[in-house]
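Let me begin by presenting the structure, written as structure tokens, before commenting on it.
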Amino acid sequence: MTTSDVERDIRQVKPVTERRLHPVTPLRRAWAPIAVIAGWAVHDPDQTQRQLTRLTTSTLLIAIAIVIPAAALYGFLTWWFTHFAVTDTELRIRTGLLFRRSAHIRLDRLQAVDVTQPLLARVAGVSKLKLDVIGTDKKDELAFLGEDEARALRAELLARAAGFAPETAHEVGEAPVRQLLHVPARVLAVSLVLTGATWGSLAGALVVPPLVWWASHSVWTVLAVALPLLGAAGASSVGRFVGEYDWTVGDSPDGLRIDHGLLDRTHETVPPGRVQTVRIVEPLLWRRRGWVRVELDVAGSSNSVLVPVAPREVAESVIARVLPGVTVPGSLSRPPRRAGWCMPLWWRGYGLAVTDAVFASRHGLLRRSLALVPHGKVQSVRLEQGPWMRFKGLSHIHIDTGANKTVSARLRDASQAAELLYGQADRSRTGRREARPDRWMAGS
């Protein structure tokens with residue numbers, strides 16, 4: 001290669017424009033030094049109390065005059081040394097004040113780009129951008145960006161990940177959304193009241209503390225037991241209501257969009273082709289109303305809920321968008337009656353159906369759960385048989401998926417299980433060959 005060729009290549013390389021986060025970000029980072037001091041105080045409260053009693057007013061004012069400017073300077077410097085840039089093939093994030101960290105995120109490895117707004121961020125008019133990348137457990141994030149900038153950057157990243165030319169990615173804009181489902185607040189509240197976990201945690205919070213007081217007559221012991229129980233009761237009812245409030249599911253070319261949250265607003269995307277398992281959950285008290293809950297296993301993603309509560313036919317229409325060509329089986333076969341010798345009564349809650357598209361397994365009598373695994377997402381199949389089950393001619397079948405989860409069909413006839421074990425390999429090969437590509441906006 002001649003010198004002129006090198007100079008021509010250098011001229012053709014497009015300069016990368018680095019950008020900074022929103023100017024409100026230093027306020028978020030400034031809390032770090034104060035949090036360290038607060039953590040030390042909580043860790044050793046006795047020592048903290050002794051030190052506070054020794055402080056004079058002038059010493060306290062001097063400490064405040066030092067800590068607050070130091071925290072502000074720390075927040076400013078961490079913001080100043082944080083940059084990000086979008087190139088033709090990757091998103092680059094440079095962070096770190098003392099220890100530098102450079103993240104190069106390949107756009108073709110993106111499987112979700114979510115926009116979240118904590119309560120204080122909503123007040124300040126900023127958003128947090130979370131990046132779900134294949135092969136990583138922890139999400140990279142950009143916090144904070146202006147609301148419009150966050151949505152524009154999200155649209156640009158998804159457009160480039162879909163293969164649009166860099167010069168046209170800005171023009172593509174955010175993909176249009178067609179609303180599929182909206183959960184009214186009243187329906188969500190009633191569903192939580194009719195959930196057994198809510199009543200179980202509340203009963204525990206009301207019954208256990210009096211028993212502890214009767215046994216110990218110690219207020220601190222009662223508080224140590226009661227507070228976690230009350231927190232669990234609140235998380236199972238109030239916490240879920242706040243988190244799942246105004247739940248909306250929309251269909252767009254880049255996947256299903258999910259918006260929800262009363263205090264903290266979250267805008268998530270269910271990546272196309274990355275869903276490994278769909279579970280239809282049917283609590284006992286919901287059956288009279290025909291309601292179900294739909295949960296997901298997504299490879300490498302934290303998205304776990306698709307529909308918090310909805311009529312079954314509506315939920316199945318949403319599932320059809322997540323798993324194209326998949327129909328929820330109407331009837332499932334139970335294990336043989338001799339399974340009652342291995343698991344009395346509860347064996348009636350198990351069911352199995354294998355269609356051309358999915359492996360479907362149900363378990364539970366009071367709280368039914370039907371798992372749907374597309375054949376193309378099956379990673380391995382295992383057969384399990386203990387001594388008593390071998391004597392009764394029964395076996396368990398375990399299906400492992402790409403989300404490191406297992407779906408089991410329990411107490412099946414041993415000959416049927418062996419047939420399913422060998423037949424599933426052929427169905428999985430066919431499913432992977434006919435599966436749609438895991439690309440953003442595929443087919444749009």
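Return the residue satisfying two criteria in turn: it lies in segment 176-218 and is among the small types (Gly, Ala, Ser) and farther than 26 Å from ARG289 by Cα, and of such residues it is modelled with the lowest pLDDT.
Result: ALA205.
Within segment 223-254, track down each residue that is at pLDDT 90 or above and among the hydroxyl-bearing types (Ser, Thr, Tyr).
TYR245, THR248
Search segment 180-216 for residues being over 24 Å from ALA310 (Cα atoms) and surrounded by 14 or more Cβ atoms within 10 Å (Cβ to Cβ), and hand back the single one that is nearest to the chain's Cα centre (by Cα).
Here the answer is LEU202.
Among the residues of segment 374-432, which ones are in contact with a Cys (Cβ under 9 Å, 6 or more places away or on another chain) and hydrophobic (A, V, I, L, M, F, W, C)?
TRP388, MET389, LEU394, LEU411
Against the conditions (1) surrounded by fewer than 21 Cβ atoms within 10 Å (Cβ to Cβ); (2) in contact (Cβ under 8 Å) with a residue 24 or more places away in the chain; (3) of a type in the set (S, T, N, Q); (4) under 29 Å from LEU107 (Cα atoms), where does SER237 fall short? Just the number, please.
Unmet condition: (4).
Return a yes/no flag: does segment 297-312 have any residue that is among the hydrophobic types (A, V, I, L, M, F, W, C) and free of Cβ contacts under 8 Å to residues at least 40 places away in the same chain.
No, because not a single residue in segment 297-312 is among the hydrophobic types (A, V, I, L, M, F, W, C) and free of Cβ contacts under 8 Å to residues at least 40 places away in the same chain.
Please list, ordered by first then second residue, the pairs with beta carbon atoms under 8 Å, 6 or more apart or interchain, first in segment 106-126 and farther than 19 Å from ASP88 by Cβ, second surrounded by fewer than 20 Cβ atoms within 10 Å (Cβ to Cβ) and of a type in the set (Ser, Thr, Tyr).
So the pair list comes out as ASP114/THR266; VAL115/THR266; THR116/THR266; GLN117/THR266.
The values are calculated or read from the model by the stated rules, or taken from the named source; none is laboratory data. Just so it is clear, the structure is predicted and the values come from calculations on it, not from any experiment. Virtual Cβ from ideal backbone geometry, glycine too; neighbours counted across all protein chains shown.
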